[in-house]
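Participant: There's a structure below that I have some questions on.
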Amino acid sequence: MAQAAEAVKTSYQGQIHLLQKELMGNYFNQLTRCAEQGEGKAAYMLISGNPVELILAFDLIPVYPEINALQLAVKKVALPFIQKAEEIGYSMDNCAYVKADVGLFLGDRKTPFATIPLPSLILCNYVGCNVYLQWFEHLAEYSNGTLYNLDIPFMRDPSGKPSPEDVTYVVRQLEEVIELCERITGKKLDYAKLKRIVALSGETGEMWSRIKALTKHVPSPFDCYFDSVTMMAPLYCLRGTEEGLRFFEVALKEMEEKVQMGIGPLPEERFRFVIEGPPPWPYLRVFRDLFAKWGAVAVASTYSTVGGLWEFGFRHDPNHPLESIAAHMLEWNLTNRNFLQRYEQIRRYVEEWSADALVIHSVKSCRLFSAGQGDMREYFTKELGIPTLLVESDIEDPRYFSEAQMKNRIDAFFESLEHRKILHAASAEGRRT
Amino acid sequence: MEEPQSREKNLGMENLVSRYREVLEDSPFDQVAEWKKNHPGSKVIGCYPVYTPVEIIHAAGMLPVGIIGGGNRLEIAYADSRFQSFVCSIVKSTLELGLTGKLHFLDGMVFHSICDPARNLASVFKRNFPQLQVEYIHFPQNMVSPHNVNYLSAEYRKLKASYEQLAGRTITDDDLRSSIRLYNEQRKLIRELYRIRRETPQNLSTLETYILTRIGTLIPLEEHITSLRKALEAAGQRDEKPKDRIKVVLEGSFCEQPPLELVEGLEAAGCYILDDDFLLGWRWFEQDIPLEGDPTRNLARAYIHQSVYSGVKHDTREPKSKHLIDKVKETGASAVVILAAKFCEPALFDYALYRQTLEREGIPHLYLEFEEKMWIFDKARTEVETFVESMLFD
């Protein structure tokens, strides 16, 4: 009979956890100073493939409404903001990231982690997600910020590559963004500075890519879902800065040491799985513990590639700053790739990272991620024979998480996986004797 | 006393509309399959909402057909295991049509960057129906960049090349021009229907306009143009007395389409719908697309500079709610009915902005949600009746 250890309380106490807290604290303090003391100008952007390198070259302060929304959810204070948005006309069925952010934006913009500054520039990097366009259209209506839709053609060619026209179109638009930033900040682009920033992003991508390759080891030195999110905050908020790069140098060293010592995030690694879909931020710890008690470690995740896909070789190139920013936005992130490219990415993860199973976390808020995941399950179970579990909740709205139901589904899945392992072991034994 | 001739004309309209209604309600795709049987070697391309540059398909000698969901006579048996409960009806019903073999007459299908579920549906189609040529158009969402026309022209050239291959013939500029000319004509005639509705809504109902427009997504263009001319002539003969109804503008149904019974019921409940956004992609331009010069570029330029506003197009040049308010003012409507498809994120997000602006402008509105698969209309009808009464007697 399969046995799951009783509730394992996970905690991550490595050096990077503390360093991340410190760096993100500094980042949020910068936002607060901008909001409250007028220090600097804020540029709003979205996470999936953005040109933060350009924004930093103008010393604009990048603000990410998605990060703010998820912080509200993690801190369990999102619901009143969501409800406030629903009161003025947003639907139960609209993305709750947007609703939490709109609720926050229309108030005093004070949160437990920062006061969010008003935008000077609302730069909608439309990279895959159509809700992005709506979201920033709304923020522009509610503020005086200048809205620019940076339109990134979706990956639709069978080659999975952007066309030369796609690249030209994006580079031309980046030049328009430069002009816009020059108008807003009153200064000319410092090209040498841009190249330095792009070089830092390139090196950061290199570190991150090496870190992610480490989870191919058994045991995996960290959980590529629950611990990756710790590293994703600096990857997105601090990419292109010296501190950001230092964080990843420390992280790589720490993870390499773990590999050498054979240490993983759990006392024992019994299952390796790939996970698809964003996390349930309001119940992150509860969700993690449901897997931890089975000794199940995520060795790869699609969510950790939403803002950039470095593990298959992409690096920002300081010798071609605009072209490489364009490549990042077009091709080298999860959200601008088509659904079948995602199937392929997951298939590679399962094979190259030696996973036993796929877990799909389907969230109502993000239909970019979730719409059609039933077909994905069909593909992985029927075509590839990979055990696949699909569970549903939300990234932001706490009303969609049912712990009891989630626990039942996860327990049943790992029980059957355990059973499968025993049978496999027995038949292998049988063959030997 | 009506002139006998006028009665006959009206009968002409009624016959036309009831014949088309039957087609739409019973088995809309049968005649497409029939057409294909009668035109051996010809190809049929399905167009998912909202807008497709159908001229390119037509110019290749192929038949563009609107695949606009499965309506309320299709049972969903397979597709809801592929797409979750929180995904809109049209995504699931379109997949269901494919999974149950009802799209067997298609050679290709074209999807666009209108929303997240539609985009993933394109991939799911590709995987499940490898025999179909699935195209995906990424329409520009940057309406101010001087480079967007270049970009979209390139997108259209790729589409053209791909259809040339499928059709086994080249599309010359003159082919494309003559298709544009015919579609200009069709769109002009549809605009004419809408003009009659706006000016004398008692002479042409929303349901009639809808049926006359919708049938055009299923039959050859030339045939549709003939029908529209007939219908316009008949409508021109009508001289009905206006009823005591409120005048409204309807917004929010640009993709998934409400059942005919609902369209009919809304007006019967006491309003004249002076304008709507049903089948919006099939009447995407308010002026003719120019014929002189590079026709591919003209199509692209028209998309950027001449197309109507929509929940799936994000034009930073002017706030979307301003367009709605302008429409209300221009038509002389006194209220707005928002009829949004359940789970349609673009429509639902737009509503949040519309509602705030309508309240600011003091324009009354009614918010309704529908699903194409709905069968019971009493609730919607009661809500409209209550709304109308509150407007008429307050």
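Quick note: the coordinates plus some simple rules give every number you see, no bench work behind them. Given the structure is predicted, the values throughout are model-derived calculations rather than measurements. A quick note on method: Cβ atoms are made from the backbone with ideal geometry, for glycine too, and the neighbour counts reach across all protein chains shown.
Participant: Calculate one ³J(HN,Hα) per residue across region B:193-203 by plugging θ = phi - 60° into the Karplus curve 6.51 cos²θ - 1.76 cosθ + 1.60, and present them in order as whole Hz with x for glycine and proline.
Facilitator: Rounded to whole hertz, the list is 4, 5, 5, 4, 4, 5, 7, 9, x, 6, 8.
Participant: Something else about it: Counting Lys and Arg as +1 and Asp and Glu as -1, what is the net charge of the other residues whose Cβ lies under 12 Å from the Cβ of A:T204?
Facilitator: Net charge in that neighbourhood comes out at -2.
Participant: Once the mean 1/r over all distinct Cα pairs of region A:305-433 is inverted, what Kirkwood radius in angstroms do you read off?
Facilitator: Details: mean 1/r = 0.0576 Å⁻¹.
Evaluated on region A:305-433, it is 17.4 Å.
Participant: Tell me the relative contact order for chain A as a rounded percent, counting alpha carbon contacts under 8 Å between residues six or more apart.
Facilitator: Relative contact order comes out at 21 percent.
Participant: Check which residues have an amide H placed less than 5 Å from B:Y272's amide H, if you skip close sequence neighbours.
Facilitator: HN-HN under 5 Å from B:Y272: B:I246, B:K247, B:V248.
Participant: Cross-link partners among lysines for A:K188, C-alpha distance below 30 Å, same-chain residues fewer than 8 apart left out?
Facilitator: Cross-link targets: A:K41.
Participant: Follow-up question, since we're still on this one. Can you work out the FRET efficiency for the pair B:R317 and B:D244, with r the C-beta to C-beta distance and R0 = 45 Å, to the nearest 0.05? Don't skip to the end; give the middle numbers.
Facilitator: Working: r = 40 Å, r/R0 = 0.88.
Given R0 = 45 Å and the Cβ-Cβ separation, E is 0.70.
Participant: Ok, one more. Among rounded, prolate and oblate, which fits chain B when a ≥ b ≥ c are the square roots of the eigenvalues of its C-alpha gyration tensor, a/c under 1.5 means rounded, and a/b larger than b/c means prolate?
Facilitator: Taking the square roots of the gyration eigenvalues as a ≥ b ≥ c, chain B is rounded.
Participant: Here's something else I'd like to know. Name the residues whose placed amide hydrogens come within less than 5 Å of the amide hydrogen of B:V134, ignoring near sequence neighbours (fewer than 5 apart) on the same chain.
Facilitator: Under 5 Å from the amide H of B:V134: B:M109.
Participant: I would also like to ask the following. Hand me the trypsin sites (Lys or Arg not before Pro) from region B:191-263 located in a DSSP loop with no more than 14 other Cβ atoms within 10 Å, in residue order please.
Facilitator: Sites meeting the loop and neighbour criteria: B:K243.
Participant: Just the Cα atoms of the protein assembly as shown: what Rg and Dmax do they give in Å?
Facilitator: Final numbers for Rg and Dmax: 27.9, 102 Å.
Participant: Taking neighbour counts of Cβ atoms within 10 Å as a proxy for exposure, in what order, fewest first, do A:D411, B:D378 appear?
Facilitator: Fewest-to-most Cβ neighbours within 10 Å comes out as B:D378, A:D411.
Participant: Apply the a/c threshold of 1.5 to the C-alpha gyration tensor of region B:195-346 and tell me whether it is rounded, prolate or oblate. All intermediate terms of the calculation are to be shown ahead of the outcome.
Facilitator: Working: a/c = 1.65, a/b = 1.20, b/c = 1.38.
Judged from the Cα gyration tensor, region B:195-346 comes out oblate (a/c at least 1.5, b/c at or above a/b).
Participant: In nm, give the distance between the simple-model label positions of A:E22 and B:E22, each being 7 Å from the Cα along the Cα-to-Cβ direction.
Facilitator: With each label point 7 Å from Cα toward Cβ, the separation is 8.1 nm.
Participant: Please give every one of the lysines within straight-line cross-link reach of A:K421, meaning a C-alpha to C-alpha distance under 29 Å, and leave out same-chain neighbours fewer than 8 residues apart.
Facilitator: Output for A:K421: A:K9, A:K212, A:K216, A:K258, A:K293, A:K382, A:K407.
Participant: In addition: From the gyration tensor of the Cα coordinates in region B:67-167, what semi-axes in whole Å does the equivalent ellipsoid have, largest first, with each one equal to sqrt(5λ)? Spell out each step's value before the answer.
Facilitator: Numbers: eigenvalues 155, 62, 19 Å².
Rounded to whole Å, the semi-axes are 28, 18, 10.
Participant: For an R0 of 60 angstrom, estimate the FRET efficiency from the Cβ-Cβ distance between A:L284 and B:E233 and round to the nearest 0.05.
Facilitator: Values: r = 66 Å, r/R0 = 1.10.
Calculated value: 0.35.
Participant: Can you work out ³J(HN,Hα) from phi for every residue in region A:161-173, in order, using Karplus 6.51 cos²θ - 1.76 cosθ + 1.60 and θ = phi - 60°, giving whole Hz and x for Gly and Pro?
Facilitator: Taking θ as phi minus 60°, the curve returns 10, x, 7, x, 5, 4, 5, 4, 4, 6, 4, 4, 5 Hz for region A:161-173.
Participant: With a cut-off of 8 Å between alpha carbons and a minimum separation of six or more residues, what is the relative contact order of chain B in percent? Provide the component values of the computation, followed by the final result.
Facilitator: Details: 597 pairs, mean separation 82.7, N = 394.
So the answer I get is 21 percent.
Participant: Largest first and in whole Å, what are the equivalent-ellipsoid semi-axes of chain A based on the Cα gyration tensor, each being the root of 5 times an eigenvalue?
Facilitator: Rounded to whole Å, the semi-axes are 36, 24, 21.
Participant: Turning to a different aspect of this structure: If you place +1 on the Cβ of every Lys and Arg and -1 on the Cβ of every Asp and Glu, how big does the dipole about the Cα centre of region B:26-125 come out, in debye to the nearest 20?
Facilitator: Details: 8 positive and 9 negative charges, 29 e Å.
That gives region B:26-125 a dipole magnitude of about 140 debye.
Participant: Same structure again: For region B:96-187, what is the charge dipole size about the Cα centre, in debye to the nearest 20, if Lys and Arg each add +1 at the Cβ and Asp and Glu each add -1 at the Cβ?
Facilitator: Values: 11 positive and 10 negative charges, 21 e Å.
The calculated dipole for region B:96-187 is roughly 100 debye.
Participant: If you don't mind, there's one more thing I want to ask. Based on the Cα coordinates of region B:268-336, what is the per residue volume of their convex hull in Å³?
Facilitator: Per-residue hull volume (Cα only) is 118 Å³.
Participant: Choose one of B:G293, B:I90, B:A269: the residue whose Cα lies farthest towards the positive end of the charge dipole of chain B (beta-carbon charges +1 Lys, Arg; -1 Asp, Glu; about the Cα centre).
Facilitator: Looking along the dipole axis, the top candidate is B:G293.
Participant: How many nm is it between the label spots at B:K37 and B:R157, if each spot is 7 Å from the Cα in line with the beta carbon?
Facilitator: 4.2
Participant: Here's something else I'd like to know. Relative to the longest principal axis of chain A, what angle (0 to 90°, nearest 10) does the C-alpha long axis of helix A:96-105 take?
Facilitator: 40
Participant: Is the shape of region A:344-408 best called rounded, prolate or oblate, per the rule: a/c under 1.5 gives rounded, else a/b larger than b/c gives prolate, else oblate, with a ≥ b ≥ c the square roots of the Cα gyration tensor eigenvalues?
Facilitator: It is prolate, given that a/c is not under 1.5 and a/b is the larger ratio.
Participant: In straight Cα distance, which aspartates and glutamates are under 19 Å from A:K99, not counting same-chain residues fewer than 8 positions off?
Facilitator: The reachable aspartates and glutamates, counting only those whose Cα sits under 19 Å from A:K99, are A:E66, A:E86, A:E87, A:D108, A:E137, A:E141, A:D394, A:E396, A:D397, B:D116, B:E345, B:D350.
Participant: Sum -39500 (n - 2.57) across every DSSP H segment of at least 4 residues in chain A, then divide by the residue count to get the 222 nm mean residue ellipticity, nearest 500.
Facilitator: -16000 deg cm²/dmol
Participant: Evaluate peptide A:133-139: per residue, the Cβ atoms of other protein chains within 10 Å of its Cβ; return the mean as an integer. Each step should come with its number before you reach the end.
Facilitator: Values: counts 9, 11, 1, 2, 8, 5, 0.
Mean shielding count: 5.
Participant: Label-point separation (nm) for B:W375 and B:N128, each offset 7 Å from Cα along Cα-to-Cβ?
Facilitator: Using points 7 Å along Cα→Cβ, the separation is 2.2 nm.
Participant: Could you tell me which of B:L392, B:S179, B:F343 has its Cα farthest along the dipole of chain B towards the positive end, charges placed at Cβ (Lys, Arg +1; Asp, Glu -1), taken about the Cα centre?
Facilitator: Going by the charge dipole, the pick is B:S179.
Participant: Where Rh denotes the Kirkwood radius from the mean inverse Cα pair distance, what is Rg over Rh for region A:209-356?
Facilitator: Rg/Rh: 0.96.
Participant: Give me a comma-separated list of calculated 3J(HN,Hα) values for region A:70-82, in order, Karplus coefficients 6.51, -1.76, 1.60 applied at θ = phi - 60°, integers in Hz, x for any Gly or Pro.
Facilitator: For region A:70-82, the Karplus-derived couplings read 5, 5, 4, 5, 4, 7, 6, 10, 6, 4, x, 5, 4 Hz, x marking Gly and Pro.
Participant: OK, next. What share of Cα pairs, in percent, lie more than 14 angstrom apart in region A:293-369?
Facilitator: Looking at region A:293-369, the distances longer than 14 Å represent 67 percent of pairs.
Participant: Roughly how crowded by other chains is peptide A:84-97, in terms of the mean Cβ count from those chains within 10 Å of each of its Cβ atoms? Walk me through the intermediate numbers first.
Facilitator: Numbers: counts 0, 1, 1, 0, 5, 12, 6, 12, 3, 9, 6, 4, 0, 0.
Whole-number average of other-chain Cβ neighbours for A:84-97 is 4.
Participant: Over region A:53-125, what portion of Cα pair distances is larger than 17 Å, expressed as a whole percent? All intermediate terms of the calculation are to be shown ahead of the outcome.
Facilitator: On the way: 1184 of 2628 pairs.
Pairs farther apart than 17 Å: 45 percent.
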